[in-house]
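This report concerns only the one structure given below.
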Amino acid sequence: NNLMKKEKHPVHRPKHLHKSEMSGLLAVADRVTPELVFTKLLESCGACGVSIPSVVKEDDEEYEVFVYVSSLATNLATARNDFSESSWLSACKPYLASLMDEVEAERVAAEFMRRVAAVADGPEEEEEDDSAHLNLCNIEFNLAYGGKILLHQTKLVLKRGHRYGLVGRNGAGKTTLMNAINNGKLEGWPIELTTHYVDSGSNVDNDWEQQNVFEHLGGGEEEGKADKATQLLDTLKFTDVMRKGTIGELSGGWQMKLRLLKAVLEGADILLLDEPTNHLDATTVKWLADYLQSLTDTTVITVSHDTPFMENICTDIIHYEKREGWTHNKLVNYRGKMSKFVEKQPQAKHYFELATADLKFKFPEPGRLEGIRTSTQKFLELTDVDFTYPGSEAPTLTGVNIKMTLSSRVAVVGANGAGKSTLIKMIVGETKPSNEGQCNFFIHHNLRIAYVAQHSFHHVEAHYESSPCDYIAWRFKDAYDKEKFENVGYKITEEEKRRTEEWGLEGIWSRRMKGGVLEYEIKKKNVHEKHNKYYSKDELIALGFEKTVKQADEKIAAVDAGLDLRPVTTTEIQKHLDDFGLAQEFGKYGRIKGLSGGQKVKLVLAAAMWNCPHMIVMDEPTNYLDREALGALSAALNEYGGAVLMISHNKEFYSSVCTEEWFVDGGKVNKIGESGEREMKAVAKKKTFSKEETVVDKLENAGGNANSNGDKYKDAAQNFWGKSLAKKEMRNFAKAKAKGDVKAMRTILQVPNGKIMPGMEELGDGSEQ
């Protein structure tokens, strides 16, 4: 009693609450009554093994303490909606400690908070269903990933033969729940149930890709299973070459077909499908829908952003929701198709449209492309181009005739395996025509391309322990795309390294256009740079330096984009990630392995756009993105000033962006439609980037002595030998001049020791150094 008189706990009342917040608090107040809270406090004591009288009388000291603690708890729950453990310990523990020891008081307060929170959350709303005898499971559980609570005291009821659509925003925890079900890691999960999980393909598994296709389906096991495997492979038109090869040799579409066939052969109680239509053509999507609709004893749970597919197959929807008064998400069941669910939840209408009100992507403008003055002037042209894979007799593509401009908005369409990805890889430089020299294969030497591959997560698979910010910093810290140089189309081979050593090539120093021919300045080892010579691109390729030339072109294009000036700091990178909907919580503080499929796609897009490309190339961009993100991507592509080239089976998406189609069939590429003229946005602009203040900057801004050495020295355009400085040398000289670094300036200008450079006498003769 003395403690309560001495320390009155303040009663906090909500002020200026939004109407929805107030209604949420009122909903909690209806459930959390003082009488119920008092009961929960007594239950908590019992649960923690704290001895209390069987009947608490009103004139007892315990009663007064319990009533006061209950009033504090009721205030925390109903007036503040505060269920943080620290608040409850601060409010309740001091008073409980007058009746028990400190440790017991802390345990009781924490348990008390959990029990009242469970009441405040309230029950999930489920539609009545009289088919309880069909229940496969009826459980209540919690689900968390790392330190984040995804679902709190939620129910999951699954019925045999039903097909459930699992619906929620990117990052809600859909894949985490699917994995927990597959591994039987949910509280109360019936251990006798068998499950089969069809992964979306978001994580690259090298061991799986090394397996033989037919043996993976059980072709080497009992005869009955081998016969069924053969029949299924025939149904989806797997060729003999595919069956005898490894899984890794299949395209994304064929790999997904194989995952689905494996699931059909397993015949589990519960089939879990994570983005099953990724990479699939329309024919295979129809086959899958027909197969799922034929199942009567198997329960299906599907995560997919393909709304027409979900509308076609689902009998029920399980939705992630956080209603008024709920502190965390819960699962809510809705009987019926997606359209019926949207009727009951109008705010979910974005599942049926590509518009977005909240999420926006912002793509950087491409900047100037040398020699390109209009948005209809071609920067890429292929004429009579063929491509045949090494070791294959039949060509994959023949007589390809296409061109692209900054106005191009092109969708590459066709059946799985027709050669769409093959065409894309040729354009981005991963492969080259098999009839090179007999065809026209023109790509602008300064063209910057952002490429998001079909298996887009291969971009980040080696960096799963890093944060998205750290990954982008690693990739671009040297002012060019380091990851691209590891690609087979750019990586210098052992043979080229041997040629470099034999020829004494130190590096390519610069590039110029002379008489319509690209020439590269070559510096040889142990030869003074004043004796550098220029070689044409064809001459260097003939000497065996093809990849060296490609890397030089990429570095020059990166400088042209201003990557040498752009700070690769966490602040600058996170600002860039914000433009792609990846918040600081995930970009700066999260790890890549903890991102959802949709968040990984946002990261891959952001990284690809770091170099302000003139063209973005996307192979199946709709995979893993939810409807809201697809709407944001569509809007950003329509605003983007560069060219767009994409492979997609999602006509709703690509038709919202592209007016031109390249239909790939039988090795031919047929053009349908035209890309209309667009505003010219690829123009020269001054490159400016915000700079983080260093400690020195802060001292100077606070009144410290600024370094004014840069004012003492003249600018330089030529070195000691009369040769013009390259752009990079001029930038380095400016930096050294600003710092007053005489030694660095003399080195850049190649002033010999003991000599004074005419016009630059202030640099001295080097004796001081």
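The values are calculated or read from the model by the stated rules, or taken from the named source; none is laboratory data. On a predicted model such as this, the values are computed, not experimentally measured, just so you know. Reconstructed Cβ throughout: ideal geometry from the backbone, glycine too, with neighbour counts over all protein chains shown. Note: areas computed on protein heavy atoms with side chains; ligands, DNA, RNA excluded. Shrake-Rupley method; radii C 1.70, N 1.55, O 1.52, S 1.80 Å.
List of remarks:
- Candidate set: the range 620-641, residues that are assigned to a loop (DSSP other than H, G, I, E, B) and in contact with a His (Cβ under 8 Å, 6 or more places away or on another chain); chosen: the one nearest to MET310 (Cα to Cα): ASP626
- For the residues VAL568, VAL617, VAL644, the requirement of being aliphatic (A, V, I, L, M), touching a helix residue (DSSP H, G or I) at 6+ places or on another chain (Cβ under 9 Å), in a loop (DSSP other than H, G, I, E, B) and at pLDDT 90 or above singles out VAL568.
- Qualifying residue in the range 497-504 (condition: touching a residue at least 12 places away in the same chain (Cβ under 8 Å) and open to solvent by 80 Å² or more (accessible area, probe 1.4 Å)): no
- Members of the range 667-684 that are over 31 Å from the mean Cα position of the chain (by Cα), open to solvent by 70 Å² or more (accessible area, probe 1.4 Å) and of a type outside the set (D, E, K, R): ASN670, ILE672
- For the range 231-242, the set of residues classified as open to solvent by less than 50 Å² (accessible area, probe 1.4 Å) and not in a loop (DSSP other than H, G, I, E, B) consists of LEU232, LEU233, MET242, listed by residue number.
- Which numbered condition GLY704 misses (of (1) within 27 Å of the chain's Cα centre (by Cα); (2) modelled with pLDDT under 90; (3) not acidic (Asp, Glu); (4) not in a helix (DSSP H, G or I)): (1)
- On inspection, PRO366 passes the criterion of being open to solvent by less than 40 Å² (accessible area, probe 1.4 Å) and of a type outside the set (Lys, Arg).
- Count - residues of the range 272-283 that are closer than 29 Å to VAL413 by Cβ and crowded, with 23+ Cβ neighbours inside 10 Å: 8
- Evaluation of ASP297 against the conditions (1) more than 25 Å from ASP199 (Cα to Cα); (2) surrounded by fewer than 16 Cβ atoms within 10 Å (Cβ to Cβ); (3) in contact with a Gly (Cβ under 7 Å, 6 or more places away or on another chain) shows that the sole unmet condition is (1).
- Residue pairs meeting the criteria (Cβ under 8 Å; at least 6 apart or on separate chains; first under 22 Å from LYS420 (Cα atoms) and of a type in the set (A, V, I, L, M), in the range 616-633; second at pLDDT below 75 and not in a loop (DSSP other than H, G, I, E, B)): none
- Pairs are defined by a Cβ separation below 6 Å, a sequence spacing of at least 6 or placement on different chains, a first member in the range 734-750 that is β-branched (Val, Ile, Thr), and a second member that is open to solvent by 30 Å² or more (accessible area, probe 1.4 Å); the pairs so defined are ILE748/GLU729; ILE748/ASN732.
- Among the residues of the range 151-172, those identified as farther than 24 Å from THR298 by Cβ and out of contact with any Ser or Thr (no Cβ under 6 Å at 6 or more places or on another chain) are LEU151, HIS152, GLN153, ARG169, ALA172.
- The range 576-598, residues that are of a type outside the set (Gly, Ala, Ser), part of a helix (DSSP H, G or I) and either open to solvent by less than 20 Å² (accessible area, probe 1.4 Å) or touching a residue at least 60 places away in the same chain (Cβ under 8 Å) (or both): HIS576, LEU577, PHE586, ILE592, LYS593
- Number of the condition not met by ALA268 [criteria: (1) at pLDDT 85 or above; (2) farther than 20 Å from THR299 by Cα]: (2)
- Applying the criterion of being farther than 15 Å from LEU42 by Cα and outside any helix (DSSP H, G or I) to the residues of the range 57-96, the residue that is modelled with the lowest pLDDT is ASP59.
- When residues of the range 303-324 are limited to those that are in a loop (DSSP other than H, G, I, E, B) and modelled with pLDDT of 90 or more, the one least open to solvent (accessible area, probe 1.4 Å): CYS314
- Of all residues in the range 213-227, those satisfying the criterion of being at pLDDT 75 or above and open to solvent by less than 40 Å² (accessible area, probe 1.4 Å) are VAL213, HIS216, LEU217, GLY218, ALA226.
- Residue match in the range 752-768 (condition: assigned to a helix (DSSP H, G or I), in contact with a Lys or Arg (Cβ under 8 Å, 6 or more places away or on another chain) and on the phi < 0 side of the Ramachandran plot): yes
Per-residue answers, yes or no, for (1) touching a Lys or Arg at 6+ places or on another chain (Cβ under 9 Å); (2) under 30 Å from ARG80 (Cβ atoms):
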position: GLU275; (1), (2): no, no
position: ILE313; (1), (2): yes, no
position: LYS330; (1), (2): yes, yes
position: LYS344; (1), (2): no, no
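- Restricting LYS755, LYS723, LYS739, LYS727 to residues that are within 24 Å of HIS531 (Cα to Cα), under 46 Å from the mean Cα position of the chain (by Cα) and modelled with pLDDT under 85 narrows the list to LYS727.
- ILE191 falls short on exactly one of the conditions (1) at pLDDT 80 or above; (2) open to solvent by less than 70 Å² (accessible area, probe 1.4 Å); (3) not in a helix (DSSP H, G or I), and that condition is (2).
- The range 142-173 - residue that is among the charged types (D, E, K, R) and modelled with pLDDT under 90 and, of those, farthest from PHE309 (Cα to Cα): LYS148
- Checked against the criterion of being more than 19 Å from ILE449 (Cα to Cα) and crowded, with 24+ Cβ neighbours inside 10 Å, the candidates ALA635, ALA629, ALA643, ALA607 yield just one match: ALA629.
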